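Worksheet for the structure shown next.
The values are calculated or read from the model by the stated rules, or taken from the named source; none is laboratory data. Only a predicted model underlies this, so the values are computations on that prediction, with no experimental measurement involved. Positions of Cβ are backbone-derived with ideal geometry, glycine not excepted, and every protein chain shown enters the neighbour counts. Heavy atoms of the whole protein, side chains included, go into the accessibility calculation; ligands, DNA and RNA do not. Shrake-Rupley method; radii C 1.70, N 1.55, O 1.52, S 1.80 Å.
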Amino acid sequence: VPVLTPNVYRLADLTNTGDSVLLPGEATMYIGTDFVGQAKLPLVAVGKPFTVGFGVDPQIQVSRMLMDRTRTTQGGNQVLTFKYRVMLSSYKPAAVPVQVWDRMPHAEATNAIAVTLTKATPEVSSDPLYVRDDRPRNLLRWDVTLDPKQNGEKALAIEYEDRIEFDRTVSIGSFQAK
């Protein structure tokens, strides 16, 4: 989530395949013999999937840049267009799948303000759960694979553009693009 942190976190999607419910509480996380942190585990029913974290992966790096911002008028509306670039670098010796999350502004009053994703390269994820639950809240997700040592000039670029359209009489208070 490059807008929040430049760190990339290791996550594991697991399923409780045991015969007992996993009770909530603290878990100590290791990768091999290396301690990577502690996590709070939720109550997990038998057969239920859940996600756990295994700390920061320093061999994958991410950055996010605002490339362009424009303000135009279309009819009686103000139109703000933002272009962003997310860069992913891998210093790993093997290919690794990565999930990249970002967000667009979310307007509660959808009849007064329209927020639209106009371009995305590569396309955002088509995972059915993501499309149903997170995409309507203007969360963006890409499922990409970083090749071995894909960094520097070979870093993976994700570029997208969003557009905010609203009546020229509407004032957006503390909105900032970073």
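For Cα pairs less than 8 Å apart in space and 6+ apart in sequence, what is the mean separation divided by the residue count of the chain, i.e. the relative contact order in percent? Show your work: numbers first, answer last.
Working: 356 pairs, mean separation 41.9, N = 178.
It comes to 24 percent, rounded to a whole number.
Any idea what the dipole of the stretch 29-177 comes to, in debye rounded to 20, about its Cα centre with Lys/Arg Cβ at +1 and Asp/Glu Cβ at -1?
The dipole magnitude comes to about 140 debye.
How many Å³ per residue does the convex hull of the Cα positions in the stretch 1-111 occupy?
Convex hull of Cα atoms, per residue: 175 Å³.
If the cut-off is a Cα-Cα distance under 26 Å, which lysines reach LYS119, setting aside same-chain residues fewer than 8 apart in sequence?
Leaving aside lysines fewer than 8 places away in the same chain, those within reach of LYS119 are LYS83, LYS154, LYS178.
Provide the FRET efficiency to the nearest 0.05 for the THR15-ASP147 pair, computing r from the beta carbons and using R0 = 30 Å.
Details: r = 29 Å, r/R0 = 0.96.
Approximately 0.55, to the nearest 0.05.
Taking GluC sites (Glu not before Pro) as candidate sites, keep only those in a DSSP loop with at most 14 other Cβ atoms within 10 Å, then name the longest stretch of the chain containing none of them.
Details: sites that count: GLU108, GLU123.
With GluC sites (Glu not before Pro) excluded where exposed in loops, the chain gives 1-107 as its longest stretch.
Whenever you get a sec, compute what percent of the accessible area on the stretch 2-103 sits on carbon and sulfur atoms (1.4 Å probe). Mind showing how you got there, number by number?
Values: 3470 of 6330 Å².
About 55 percent, which is the carbon plus sulfur part of the accessible surface.
Over the chain, with the other protein chains present, what is the accessible area per residue in square angstrom, probe 1.4 angstrom?
Values: 11220 Å² over 178 residues.
With the other protein chains kept in place, the chain gives 63 Å² per residue.
Rank these residues by their accessible area, most exposed first, probe 1.4 Å: ILE158, ILE31.
Ranked list, largest accessible area first: ILE31, ILE158.
Two decimals is fine: what's Rg over Rh for the stretch 80-154, C-alpha atoms, Kirkwood radius as Rh?
Working: Rg = 15.0 Å, Rh = 14.3 Å.
Here Rg/Rh amounts to 1.05.
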